[in-house]
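A short worksheet on the structure shown next.
No lab work stands behind these numbers, since they all come straight from the coordinates. Worth saying up front: this structure is predicted, and the values here are computed from it rather than measured. Every residue, glycine as well, gets a Cβ built from its backbone with ideal geometry; the counts of neighbours run over all protein chains shown.
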Amino acid sequence: MRSANAGDAPKLSFRSKVAIAPPLWIATLALIAVGDYLTGPFIHSAVLFYLIPVALAAWGARSRWPGIAVACTWPLIRVGIVALWGWPWPRALTMEDTVADAVVSVGFATLVWQLRRQARTIRTLEGILPMCGFCRRIRTDQGWERLESYLLDHSDARISHTFCPDCGRAHYGDLASPPGTDPSGATFTAPGRSSS
């Protein structure tokens with residue numbers, strides 16, 4: 001994807017094609033786990049920070065599974081941290097919290113992934129495109145570009161080349177006539193069949 005200026009960094013939005021690499025998810029998860037351990041057992045707001053690597057994994061992945069994997073992994077890491085603290089709460093309560101955290105995180109990961117997937121699908125062109133009236137090339141900052149190349153670079157559309165019936169007749173003559181018609185446009189039926 002091209003930016004407006006060659007030195008500009010790509011924008012990070014739901015529409016962008018910028019990928020977030022797995023080492024960033026893992027490093028963020030590890031950093032939050034260390035911070036959670038160091039803050040002690042009685043500061044519960046650290047649980048909210050675990051949604052950051054879940055969102056990064058769901059955002060950067062092509063499928064929903066990396067986000068779900070991170071969403072299921074961090075509650076288990078949290079159980080390990082609680083065990084290192086010496087189980088300050090009853091174990092049954094900790095396991096209930098773990099299941100609830102995992103369910104909420106999986107739902108959050110799925111929501112982020114679906115929003116990202118929809119935004120990729122809906123990627124549109126906006127604004128006025130300066131196009132040559134003769135050759136149909138688009139003027140860009142780099143010069144004139146073929147319409148097909150421009151569309152492929154600036155949208156998620158795929159292009160298939162074909163021709164309309166008028167162009168088919170103009171360029172291919174009788175070869176482009178639809179089956180069941182002669183070049184004059186009259187329809188006919190196969191021998192032995194009635195035309196009714």
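Of the peptides 59-68, 22-31, 78-87, the ranking by mean beta-carbon count within 10 Å, highest at the top, reads 59-68, 22-31, 78-87. Projected label points at residue 119 and residue 155, each 7 Å from Cα along the beta carbon direction, are separated by 2.0 nanometres.
Per-residue 3J(HN,Hα) values for region 38-52, derived from phi via the Karplus relation 6.51 cos²θ - 1.76 cosθ + 1.60 with θ = phi - 60°, read 5, 6, x, x, 9, 10, 8, 5, 4, 4, 5, 5, 5, 6, 5 Hz in sequence order (x marks Gly and Pro). The residue among 119, 35, 93 whose Cα reaches farthest toward the positive pole of the charge dipole of region 22-121, with charges on the beta-carbon of Lys, Arg, Asp and Glu, is 119. Only Lys, Arg, Asp and Glu carry charge here, each on its Cβ (+1 for the first two, -1 for the last two); on that basis region 93-177 has a dipole of about 440 debye about its Cα centre. Rounded to two decimals, the Cα radius of gyration of region 22-121 over 2.2 N^0.38 Å is 1.10.
Building the convex hull from the alpha-carbon atoms of region 55-101 and averaging its projection over directions returns 3.4 nm². Residues with amide H under 5 Å of residue 20's amide H, sequence separation 5 or more or different chain, H placed in the peptide plane at 1.01 Å from N; which? Those lying under 5 Å, H to H, from residue 20 are 60. Computed extension gain for residue 147 through residue 126, at 0.36 nm per residue and net of the alpha carbon distance, reaches 6.1 nm. Cβ crowding within 10 Å, taken as a proxy for footprinting-reagent exposure, orders 56, 111 from fewest neighbours to most as 111, 56.
Between residue 72 and residue 45, the C-beta separation translates, for a Förster distance of 25 Å, into a calculated FRET efficiency of about 0.70.
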